[in-house]
Amino acid sequence: MIEFKGVHKTYDNGNIALKDVSIVINKGEFVFIVGASGAGKSTLLKLLMREEVPTAGEIIVNGFKLSKLKKREIPYLRRTMGVVFQDFRLINSMTVFDNVAFAMRVIGASNVEIRKRVPYILGLVGLHHKARSYPKELSGGEQQRVGLARALVNNPSIIIADEPTGNIDPELSHEILELLTEINRRGTTVLMVTHQIDLVRRFHHRVIKIEEGCVVSDQKAVPACPVKSNIEAAAVDIAGIFPFEEGEHYEF
């Protein structure tokens, strides 16, 4: 669970980024965060990942009270999260396999674990056949799928997607959202910042809108017909890899 209680954030230069933000995001929700540039969306994510601390108020993430978190405890908080970036942030000198495996090596996973888990995750995002390719050999959509695989590989309870479709074309944007939606359906909480209102309208998840540092609306998810997937092969991979009951958080 994620909870912001009366959170304010003012930077040292006097810029007021967030004002009295109080929101609760329950386990297993999919939430869009929308708003204009400078509205406070990036600050909200930085606070969530403990890159910044609030000026006032409290933030609780997965049982961690961030205002009381010691520096040595921050890595343990971040291991409960997977982050997908707009600009991919892949290492060009590494293959797709090694880019994903790198996230596991950082936390001390064994080679046996890596060899077992990384192929499963690449299958999930439809890139098993690209394991030995390099980032520059991939399309923008494929690079973002690698970024998503890297975010998933350590089995986080929360995925934070910061404008993940900002650098890819609309059709591929829908594919990334379909993947995120399926991952969420299996029990992972997804928090996605976006400017693409067409995606927000199509996928019918909860929407929190921020303007000038304030939450001005919080629209709950509404039932909708399932979105037809353009990546049926990846959906088959998901069903085969994660044969769990709906709502369970997946394990490997």
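The values are calculated or read from the model by the stated rules, or taken from the named source; none is laboratory data. These figures come from a predicted structure and were not determined experimentally. Cβ coordinates were reconstructed from backbone atoms using ideal geometry, including for glycine residues, and neighbour counts include every protein chain displayed.
If you go through the range 197-221 one residue at a time, how many are in a strand (DSSP E or B), within 27 Å of residue 175 (Cβ to Cβ) and touching a Lys or Arg at 6+ places or on another chain (Cβ under 7 Å)? Of the residues in the range 197-221, 3 are in a strand (DSSP E or B), within 27 Å of residue 175 (Cβ to Cβ) and touching a Lys or Arg at 6+ places or on another chain (Cβ under 7 Å). When each of 106, 96, 100 is tested for being farther than 29 Å from residue 212 by Cβ, of a type in the set (A, V, I, L, M, F, W, C) and at pLDDT below 95, the lone residue that passes is 106.
Counting only residues that are under 13 Å from residue 82 (Cβ atoms) and out of contact with any Asp or Glu (no Cβ under 6 Å at 6 or more places or on another chain), how many does the range 118-145 have? Break it down into steps so the answer makes sense when it comes.
Initially, the range 118-145 is screened for residues under 13 Å from residue 82 (Cβ atoms), giving 121, 124-125.
With the extra rule that they be out of contact with any Asp or Glu (no Cβ under 6 Å at 6 or more places or on another chain), the set shrinks to 121, 125.
Residues meeting the conditions: 2.
Search the range 194-221 for residues being among the aliphatic types (A, V, I, L, M) and modelled with pLDDT of 95 or more, and hand back the single one that is nearest to residue 19 (Cα to Cα). Going through the qualifying residues, I end up with 215. When 69, 124, 138, 90 are checked against the criterion of being closer than 28 Å to residue 3 by Cβ and among the hydrophobic types (A, V, I, L, M, F, W, C), 69 stands alone in meeting it.
With respect to being buried (at least 23 other Cβ atoms within 10 Å of the Cβ), charged (D, E, K, R) and part of a helix (DSSP H, G or I), residue 150 fits the description.
Quick test for you: out of 176, 121, 160, 91, pick the one residue that is in contact (Cβ under 8 Å) with a residue 40 or more places away in the chain, under 26 Å from residue 28 (Cβ atoms) and not charged (D, E, K, R). Walk me through it before giving the result.
Numbers: 176 fails: in contact (Cβ under 8 Å) with a residue 40 or more places away in the chain; 121 fails: in contact (Cβ under 8 Å) with a residue 40 or more places away in the chain; 91 fails: under 26 Å from residue 28 (Cβ atoms).
It is 160.
Looking at the range 162-187, which of its residues are among the hydrophobic types (A, V, I, L, M, F, W, C), buried (at least 20 other Cβ atoms within 10 Å of the Cβ) and not in a loop (DSSP other than H, G, I, E, B)? Reasoning before the result, please.
Step one: list which residues in the range 162-187 are among the hydrophobic types (A, V, I, L, M, F, W, C), which gives 168, 172, 176-177, 179-180, 183.
Checking which are buried (at least 20 other Cβ atoms within 10 Å of the Cβ) leaves us with 168, 176-177, 179-180, 183.
Hits for the range 162-187 are 176, 177, 179, 180, 183.
Applying the criterion of being basic (Lys, Arg) and part of a loop (DSSP other than H, G, I, E, B) to the residues of the range 13-56, the residue that is farthest from the chain's Cα centre (by Cα) is 50. Checking 125, 118, 190 one by one, the residue that is crowded, with 20+ Cβ neighbours inside 10 Å, at pLDDT 95 or above, touching a Leu at 6+ places or on another chain (Cβ under 7 Å) and not acidic (Asp, Glu) is 190 and no other.
Would you mind stating whether residue 6 is under 25 Å from residue 219 (Cβ atoms), in a strand (DSSP E or B), of a type in the set (Gly, Ala, Ser) and in contact (Cβ under 8 Å) with a residue 12 or more places away in the chain? Answer is yes for this residue.
Just checking, does the range 99-117 include any residue being part of a helix (DSSP H, G or I) and under 24 Å from residue 174 (Cβ atoms)?
Within the range 99-117, one or more residues are part of a helix (DSSP H, G or I) and under 24 Å from residue 174 (Cβ atoms).
Pairs linking a residue in the range 77-88 that is more than 16 Å from residue 100 (Cα to Cα) and modelled with pLDDT of 90 or more to a residue that is assigned to a strand (DSSP E or B) and among the aliphatic types (A, V, I, L, M), with Cβ atoms under 7 Å and 6 or more positions apart or on different chains, are 77/61; 80/158. Give the range 161-208 a look and list any residue that's over 21 Å from residue 122 (Cβ atoms) and either within 12 Å of the chain's Cα centre (by Cα) or aliphatic (A, V, I, L, M) (or both), or say none. Answer for the range 161-208, where residues must be over 21 Å from residue 122 (Cβ atoms) and either within 12 Å of the chain's Cα centre (by Cα) or aliphatic (A, V, I, L, M) (or both): 162, 163, 189, 191, 192, 193, 194, 197, 199, 200, 207, 208. Looking at the range 164-185, which of its residues are more than 22 Å from residue 96 (Cβ to Cβ) and at pLDDT 90 or above? Selection gives 181, 184, 185.
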